[in-house]
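Just so it is clear, none of the values below were taken in a lab; they were calculated from the coordinates. It should be emphasised that the depicted structure is a prediction, and the values quoted were computed from it without experimental measurement. Note: ideal-geometry Cβ built from the backbone for every residue, glycine included; neighbour counts use all protein chains shown.
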């Protein structure tokens, strides 16, 4: 008699049969005791923040590098170690962390930081105040309690986008906060995936924010392999990841991105696939299928995160494929009529096209037209079915896809 597949999975789970012995090691938030191949970067970040140990305010710090090269990992580890040493000191440090990409508004980002300072409820409501007032209350709290704060803003390039939407340049206020503080300090650490981020900053912000800078380079294939080997020792039971699977995982992540975080995620997803299939080991095929699944999930998540008008614009590009901004705008207007949405201006749609192009979901190509000058034509880089699948659950768009 064939055993029920649900019972089999549940029995295996209860009996403890698993390829994993510690999944947490493969989570992005895990901080290893030793961060491999980042010795120089750890020294530079530590040296930059050493004044904290001497009861002084360090310079503001910008940390650059592509995704998955250890920026956040190193900054968090250094700050954790410093905080551990000064916890019984008369110069206590308060670490505040926020990821700009996870916040949809500048107000929300500031409220998150303020909440970590202890500002709750009526002191800092989730809505109803001006951006300036929220910032003033944060500064007042730092001064009142004589706090020595370190604001870590991850993916700070997205903060620049929030600022452009709100019209309030909070970065300028953050970098100049110490001029207002009579007691307490505020140090800003910005972490950015975008090496061109500084080019979009106000010159006044640039002069005070870029006091110190550290650039993280990409990992090589061999370095990623060594990082994975260390994680495998702790995350998986012995001999459960085949050498060929490890080599493929390292090569795919190293050659494409130099992204250790993606490599670790890829290994975790492949391990989960192998476990569900009751395989005794993680094989090359699990790595390949995990990579396809992750790519599809990433694109779907990105598409679903867009506001309605950006979704309409992506559909307009898909339907008007290979056409100019003007032709795409006409397609977008038609979609607005169908969905009974008030259309945005062509100028705003042109800006949105550029913003979406930066994410890689669409691509633009300059076409020379001789005496008629130049024009730019846009195409979708995704499979149309991926877009349809992502948008089909949006009730406003269901008739369009």
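At a glance:
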| quantity | calculated |
| --- | --- |
| Cα-based shape type of the stretch 243-298, given that a ≥ b ≥ c are square roots of the gyration tensor eigenvalues and the cut on a/c is 1.5 | oblate |
| C-alpha center-to-center spacing [the stretch 278-338, the stretch 4-71] in angstrom | 30 Å |
| Estimated inter-spin distance, residue 296 and residue 91, nm [label 7 Å along Cα→Cβ] | 5.5 nm |
| Cα-based convex hull volume of the stretch 39-215 per residue, rounded to whole Å³ | 109 Å³ |
| Virtual spin-label span in nm between residue 221 and residue 24, 7 Å along Cα→Cβ | 3.5 nm |
| Rounded, prolate or oblate (a/c below 1.5 giving rounded, otherwise prolate when a/b exceeds b/c) for the stretch 43-113 by Cα gyration tensor | oblate |
| Fraction of antiparallel bridges per DSSP, the chain only, in percent to nearest 5 | 30 percent |
| For the stretch 306-391: Kirkwood Rh in Å [reciprocal of mean 1/r, alpha carbons] | 13.1 Å |
| Estimated FRET transfer efficiency (residue 359, residue 330; beta-carbon r; R0 30 Å; 0.05) | 0.80 |
| Cα-projected label distance for residue 3 with residue 305, points at 7 Å along beta-carbon direction, nm | 4.1 nm |
| Förster radius 56 Å - calculated FRET efficiency between residue 343 and residue 57 (Cβ-Cβ, nearest 0.05) | 0.70 |
| For the chain, calculated [θ]222 nm from helices alone, where every DSSP H run of n ≥ 4 adds -39500 (n - 2.57) | -16000 deg cm²/dmol |
| Stokes-Einstein translational diffusion, the stretch 257-401 - Kirkwood Rh over all Cα pairs, 1.002 mPa s, 20 °C, in µm²/s | 124 µm²/s |
| Sequence ranges 28-39, 222-233, 387-398, ranked by mean other-Cβ count within 10 angstrom, highest first | 222-233, 387-398, 28-39 |
| Rounded to whole Å, sorted largest first: equivalent-ellipsoid semi-axes of the chain, Cα gyration tensor | 36, 35, 21 |
| Angstrom value of the Kirkwood radius, inverse mean 1/r, which spans all Cα pairs in the stretch 279-345 | 14.3 Å |
